[in-house]
1. With +1 on each Lys and Arg Cβ and -1 on each Asp and Glu Cβ, how big is the dipole of segment A:17-263 about its Cα centre, in debye rounded to the nearest 20?
2. Cβ neighbours within 10 Å, averaged per peptide: list B:105-111, B:339-345 in order, most packed at the top.
3. Collect residues whose amide H, placed 1.01 Å from N in the peptide plane, falls under 5 Å from the amide H of residue B:343; neighbours closer than 5 in sequence don't count.
4. Net charge near residue A:335: determine it from the other residues with C-beta under 12 Å of the C-beta of residue A:335, scoring Lys and Arg +1 and Asp and Glu -1.
5. Report the Cα-based extents of chain A along its three principal axes, largest first, to the nearest Å.
6. In Å², and per residue, what accessible area does the protein assembly as shown have when probed at 1.4 Å with the other protein chains present?
7. With every protein chain in place, what's the accessible area of residue B:166 (1.4 Å probe, Å², nearest 10)?
8. Please tell me the relative contact order of segment A:182-308 in percent, rounded to the nearest whole number, where contacts are Cα pairs under 8 Å and at least six residues apart.
Protein chains: 2
Amino acid sequence: MSERAFNFSAGPGALPEPVIKQAQQDLWNFQGSGMGVCELSHRGPEFDQILGEALADCREVGSIPDSHHILFLQGGATTQADMVPMNFLNEGMTGDYLETGKWAEDAIKEAGYYAKINGGTVHVAGSTKDEGYTRLPADKECKYVDDAAYLLYVSNNTIYGLQFNRVPKSKAPKVCDMSSDMFSRPIDWSHFDMVYAGAQKNLGPSGQALVVIKDEFMQKAPKNRVGRMHDYSIHAAKESRFNTPNTFAIYLMGQTFKWIRREFGSLDQVDQYNREKAKIIYDAIDNSDFFKGHVQEQDARSLMNITFTTPNAELDEEFCKEAKKHGLLTLEGHRSIGGMRASVYNAFPIEGCRKLAEFMKNFESQHRTQVAGASA
Amino acid sequence: MSERAFNFSAGPGALPEPVIKQAQQDLWNFQGSGMGVCELSHRGPEFDQILGEALADCREVGSIPDSHHILFLQGGATTQADMVPMNFLNEGMTGDYLETGKWAEDAIKEAGYYAKINGGTVHVAGSTKDEGYTRLPADKECKYVDDAAYLLYVSNNTIYGLQFNRVPKSKAPKVCDMSSDMFSRPIDWSHFDMVYAGAQKNLGPSGQALVVIKDEFMQKAPKNRVGRMHDYSIHAAKESRFNTPNTFAIYLMGQTFKWIRREFGSLDQVDQYNREKAKIIYDAIDNSDFFKGHVQEQDARSLMNITFTTPNAELDEEFCKEAKKHGLLTLEGHRSIGGMRASVYNAFPIEGCRKLAEFMKNFESQHRTQVAGASA
């Protein structure tokens with residue numbers, strides 16, 4: 001087996017290595033069935049088992065109550081940002097949104113389309129766009145519409161490295177896009193009517209969303225108002241097999257849930273590990289006047305995506321180039337803000353964080369004399 | 001490496017073994033990048049290469065002219081059966097359909113929803129439903145609406161084992177669901193404004209559709225009439241990366257296109273191989289009065305899905321059970337019609353067809369005396 005590097009990709013991101021090793025075997029022959037895992041009928045006994053275990057392990061790992069359905073749907077989080085207003089933003093209703101980054105902006109755009117069609121209203125309850133998303137809007141700044149059909153917000157923003165450490169205090173049903181921090185920490189389900197996440201950060205490969213939706217909320221969507229592919233009730237009734245599902249993604253998510261159970265036992269433990277990992281890199285930033293974090297509000301700094309810069313763009317580029325030579329890959333920031341971004345999802349190992357921190361220290365000592373003002 | 005069986009699954013179906021072996025390596029470390037293929041950023045240079053090659057190889061293998069866009073979209077063929085009327089069945093327009101099996105029935109159902117919303121009409125130009133789909137409707141039986149927005153039909157029906165060997169003679173733009181025979185034979189693109197296929201039969205894993213759409217047809221969809229995830233023009237402009245694509249499926253499809261090029265050179269050669277394979281099994285049926293094919297019209301017999309029965313349901317069950325012991329898997333017919341179904345897509349090897357024919361012969365000689373009337 002050839003050597004793997006430390007992959008800081010924001011998503012699709014690093015998978016747990018034991019999961020990859022298992023998948024390599026199962027691609028050829030799933031549990032001695034004589035068929036590879038991508039070649040199993042989605043209605044056969046082998047896939048029944050894969051799906052059944054993925055659902056059960058997901059429920060256990062996430063402590064998801066029976067009041068909520070678990071759906072495995074194609075199309076990622078973008079499809080969910082479309083399906084939510086298609087189903088729930090109807091005549092006379094308001095969809096409330098928090099604008100805290102690009103994915104939130106996109107969700108607001110999708111909702112605008114359905115508001116026009118369905119006669120609803122899109123309302124932005126709070127935004128930090130004007131400040132370049134360097135912090136999150138506080139509850140007291142937000143003008144929540146308490147009788148909104150829902151409040152939709154994104155718990156973690158991969159581009160800016162912002163993460164909610166609180167649940168917004170709206171009285172509306174809360175829908176949360178947890179694409180980049182799902183199962184990275186415990187979830188208090190009493191707050192959420194719906195949570196969705198693209199799988200490609202903490203849960204598995206791209207091309208798949210995990211949707212957790214409260215039955216009571218799901219029932220609020222008018223019947224026969226949307227095409228069958230967009231109807232949550234149909235997907236729930238058919239246990240995510242209304243159409244042929246993304247079988248490999250469900251398999252890989254299932255293996256990832258098992259890995260979480262085996263490796264950590266609980267999301268509390270996962271959270272603790274992620275805090276430890278992020279601290280190593282944030283300490284490297286905070287203990288330097290050479291590196292600067294993008295996020296100004298301490299409590300909103302993401303444990304998943306750590307964004308920072310050197311004193312200038314040339315050095316940022318040099319940093320990423322040099323890092324690559326040391327086996328520290330895809331540290332480039334999103335093209336919209338530049339700089340660096342270290343994504344350290346569940347499967348990213350703590351050794352990689354230590355190696356990055358060490359590299360940062362060395363890079364700083366080699367380059368700080370080049371930079372006027374940084375030696376002050 | 002453990003032994004693999006002959007897998008007659010109707011889909012997800014057998015993949016080419018060299019493709020699986022390559023995927024096993026690339027899952028761990030894609031081309032020495034230090035990152036597995038599922039862990040690559042969909043905007044990074046490695047995936048740029050994967051996508052670029054998949055598009056180029058798809059165009060070359062399928063001889064797809066520049067007039068047509070190639071899109072890799074999530075959600076399989078069911079999503080396409082939804083998106084076509086959502087985009088093209090507008091006020092005062094007719095969507096023409098041929099009802100030749102379950103997937104056609106489903107597509108008609110989806111269209112009915114949008115006809116109601118958009119003020120269009122769904123018209124069934126021809127159907128063999130009343131005859132249990134044992135043949136296809138001839139052109140002279142069909143009442144095509146020549147100024148329809150489109151004629152949608154399914155080229156191959158996996159459940160009944162029916163396949164079109166002609167293109168319907170409607171003057172409307174033709175949209176064809178080729179989910180189960182895409183790239184199993186050459187396609188004359190001059191006939192088609194749009195072709196789509198779920199990947200899980202001839203092209204790759206499930207969770208992915210290949211969509212080939214003529215630019216001129218695509219432009220007929222009214223602008224800003226559908227949400228962005230449902231807008232073909234957006235997916236075309238963004239080269240299938242409007243949202244995070246199913247990167248593993250695109251990789252695996254790309255590898256499958258390369259395998260077709262390497263192994264066969266052209267779709268003519270693929271077609272010849274598939275004819276040879278199907279003939280072995282159809283001969284075994286035709287040369288027996290014990291086995292009976294479901295499809296009555298010779299010319300409509302599918303080269304992809306060969307459906308047949310023994311003299312009774314108990315023997316059908318026995319047949320599948322015994323076959324499994326001989327490494328011939330998933331021969332059970334679809335639950336709606338029972339009997340047997342041998343799916344022999346591109347990647348299914350001819351040795352498996354020979355082994356099945358031999359098994360059929362032996363099974364018949366062991367069981368024909370049990371069956372009254374079959375010894376006549």
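1. On the way: 26 positive and 31 negative charges, 26 e Å.
Using Cβ point charges on Lys, Arg, Asp and Glu, segment A:17-263 gives about 120 debye.
2. Values: B:105-111: 21.6, B:339-345: 25.4.
Ranking, from highest mean packing down: B:339-345, B:105-111.
3. Under 5 Å from the amide H of residue B:343 lie the amide H atoms of B:306, each far enough along the sequence or on another chain.
4. Numbers: positive: A:102, A:341, B:43; negative: A:332.
That sum, taken over residues with Cβ under 12 Å, equals +2.
5. If we take the Cα atoms of chain A, the spans are 67, 57, 31 Å.
6. Values: 28550 Å² over 752 residues.
Computed with neighbouring chains in place, this is 38 Å² per residue.
7. 80
8. Details: 103 pairs, mean separation 28.7, N = 127.
Averaging sequence separation for qualifying contacts and normalising by length gives 23 percent for segment A:182-308.
The values are calculated or read from the model by the stated rules, or taken from the named source; none is laboratory data. Since the structure is predicted, the reported quantities are computational estimates derived from the model, not experimental observations. Note that each Cβ is placed from the backbone with ideal geometry, even for glycine, and that neighbours are counted across all protein chains shown. Each accessible area value is taken on the protein alone, full model and side chains, heavy atoms only, with ligands, DNA and RNA left out. Shrake-Rupley method; radii C 1.70, N 1.55, O 1.52, S 1.80 Å.
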